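**Student:** Sharing a structure here in structure tokens format.
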Amino acid sequence: MSLALPRSVGIASSDELLVIELGEPIDLDEVRSRLDKHLPEGMFITQVERVEAGDRRLPVAAEYEVSIDAGVEAPLAARAAAILAETNVFVDRATPGMANRHIDVRPYITAITVEPGRLTWSQGITATGTVRPNEMLELLGLVTGDHLHRLCRKAVTYGR
């Protein structure tokens, strides 16, 4: 079993792809029934499908949403517009066991929308990388510790 696009601890999700390799063919309704028995309350399976060996589902895009406090919409929208207007937006990424890297994440940011009480953004995911949710929050001037627990990955698009 594996998640196609694992999340950081504390980030909620309403769209996950769980890949399970079975040793023998099992009816898809039986797979759903067996899994349903072990899911926590409020979690449910929306789809079960059989894929051929070697058919990998690769994430190519994701959409995130975070609730925001009243009154921050205008400055947040201004920061979002400034990010989208830039050709390059760099972050310093720390990876345990490696030297910090200076990465241009602008190519991965496809949309940012600010509405009353809510911020959403869409991002691309490629073999060369993506922007991390905490990096987006920081770029937008939001304190990660105050907002990461409010964050939800709403959708993931997969390619093959």
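**Student:** DSSP loop (so not H, G, I, E, B), at most 13 other Cβ within 10 Å: list which GluC sites (Glu not before Pro) in the stretch 62-106 pass both filters.
**Tutor:** Within the stretch 62-106, the qualifying GluC sites (Glu not before Pro) (loop, at most 13 other Cβ atoms within 10 Å) are GLU86.
**Student:** Thinking of the stretch 119-160 as a set of Cα atoms, what percent of all their pairs are more than 12 Å apart?
**Tutor:** Cα-Cα pairs in the stretch 119-160 separated by more than 12 Å: 64 percent.
**Student:** Reported to two decimal places, what Rg/Rh ratio describes the stretch 58-159 when computed on Cα atoms with Rh from the Kirkwood expression?
**Tutor:** 0.96
**Student:** Can you run phi through the Karplus equation (6.51, -1.76, 1.60; θ = phi - 60°) for the stretch 37-50 and list ³J(HN,Hα) in whole Hz, with x for Gly and Pro?
**Tutor:** Karplus-based 3J(HN,Hα) across the stretch 37-50 equals 5, 10, 7, x, 4, x, 9, 8, 8, 9, 7, 10, 9, 8 Hz.
**Student:** Note the angle between two axes, namely the Cα long axis of helix 73-85 and the longest principal axis of the Cα atoms of the chain, as a number of degrees from 0 to 90, rounded to the nearest 10.
**Tutor:** Tilt of helix 73-85: around 80 degrees.
**Student:** Taking amide H atoms as placed 1.01 Å from N in the peptide plane, list the residues 5 or more away in sequence, or in a different chain, whose amide H sits under 5 Å from that of ARG118.
**Tutor:** Long-range HN contacts for ARG118: ILE68.
FYI, it's all coordinate maths here, none of it is from the lab. For clarity, every value in this text was computed on a predicted model and none was experimentally measured. Neighbour counts run over all protein chains shown; Cβ positions are idealised from the backbone, glycine included.
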